[in-house]
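S.K.: Before I ask anything, let me first share the structure, which is written out below as structure tokens.
The values are calculated or read from the model by the stated rules, or taken from the named source; none is laboratory data. What you see is a predicted model, and the numbers here were worked out from it, not measured in a lab. With ideal geometry, Cβ positions are generated from the backbone for all residues, glycine too; neighbour counts draw on all protein chains shown.
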Amino acid sequence: MLAIFLKTLPFFAVIGLGYVAGRSRFFNPEATAYLTRFVFYFALSAMLFGFAANLSLASVFTWSFVLAYLLASLVVWMIVAAVALWRGTTREEAVFEAHTGVIGNVGFLGIPMLSLLLGPAAVGPVLLVLAVDLIVFSSVLTMLMTGFRSGRVNLGTFRILAVGLLANPMIVSVGLGLGWGATGWTLPVPVNEFLTLLGAAATPCALFAIGASLAGRSAERVEVAAWLSFAKLVLHPAAVAIAALLLFPVEPYAAGVMIAAAALPVAGNVFILAQHYGVAPQRVSSAILISTAASILTVTGVIAWITP
């Protein structure tokens, strides 16, 4: 495990460097916002397009993989929601706590880290996890919040969902990359080198941005945030492991990547959604802070477990 810890340590060290830069105000919130925007719209999109363009969807997509991850995530989602309702929270708060318990930082942390630690073949399974998170669970969240507040879900809701997905550069870049890959054409050398150069900035910039964004967070509602962090870092990968290794015939390597992706800390975009809807932003923010700090050990442990 020490060897794996030493491999994961540089990734978390860059996050720590970003945290120090943000905490000292050397990197202010405005700078963090612009760095995050650069990663989201340019560097990470270039990386994802380059990865997807070299993938065959038929060789990556399997129903057993998708169903295993989806079923396990739904079980954890319902457990966290049930616990929230048992504590006496509102339905909206229960939905956001459930969302916090299953949505990990796959885009900014998972893709760059797992592709380097587990090999380029990890990209396909990680992209499938990301697709389920963005398409299924984000849609569920939007429909439930709309239903709770307006009393019904109509065509306008689905229009909002469609526009949101099409406006997400991660979805667009993966879709375009898979479309290019389906043609069988090789990317022109200048284009490939451009994508490689721009995509290379994704890993350090994304990790630094994660750390800088954590600097503005404070740990409030610690008990609830600790429970949500436990659900994300322990319950979620455990449920995924049971589904992938025992319930569905998922290929061992892909199952390992899925488990590692499920072990990632809470995603920052959950806080953005919580702010947008005005539901429990502080406890979500605290869960992001606590889960990211704790993931130094938990993610290392999971990767050590799945690595031969």
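S.K.: Only one of Arg217, Arg159 is within 26 Å of Arg37 (Cβ to Cβ), modelled with pLDDT under 85 and not in a helix (DSSP H, G or I). Can you tell me which?
M.R.: Arg217
S.K.: Here is a check on your reading of the model: is Phe38 more than 21 Å from Leu117 (Cα to Cα), at pLDDT 90 or above and part of a helix (DSSP H, G or I)? Reasoning before the result, please.
M.R.: Details: more than 21 Å from Leu117 (Cα to Cα): yes; at pLDDT 90 or above: yes; part of a helix (DSSP H, G or I): yes.
Judged against the criteria, Phe38 is a match.
S.K.: Another question about this same structure. Restrict the check to segment 255-266 and report whether at least one residue is in a helix (DSSP H, G or I), without any contact (Cβ under 8 Å) to a residue 40 or more places away in the chain and not β-branched (Val, Ile, Thr).
M.R.: Checked segment 255-266: no residue is in a helix (DSSP H, G or I), without any contact (Cβ under 8 Å) to a residue 40 or more places away in the chain and not β-branched (Val, Ile, Thr).
S.K.: Give the residues of segment 251-285 that are of a type in the set (Ser, Thr, Tyr) and within 17 Å of the chain's Cα centre (by Cα), sorted by residue number.
M.R.: Across segment 251-285, the qualifying residue is only Ser285.
S.K.: Which members of segment 162-193 meet the condition of being among the β-branched types (Val, Ile, Thr), assigned to a helix (DSSP H, G or I) and either on the phi > 0 side of the Ramachandran plot or at pLDDT 75 or above (or both)? Working first, answer last.
M.R.: Step one: of segment 162-193, the residues among the β-branched types (Val, Ile, Thr) are 163, 171-172, 174, 183, 186, 189, 191.
Narrowing further to those that are assigned to a helix (DSSP H, G or I): 163, 171-172, 174, 183, 189, 191.
Answer for segment 162-193, where residues must be among the β-branched types (Val, Ile, Thr), assigned to a helix (DSSP H, G or I) and either on the phi > 0 side of the Ramachandran plot or at pLDDT 75 or above (or both): Ile171, Val172, Val174, Thr183, Val189, Val191.
S.K.: Output yes when any residue across segment 219-228 is buried (at least 24 other Cβ atoms within 10 Å of the Cβ) and not β-branched (Val, Ile, Thr), and no when none is.
M.R.: yes
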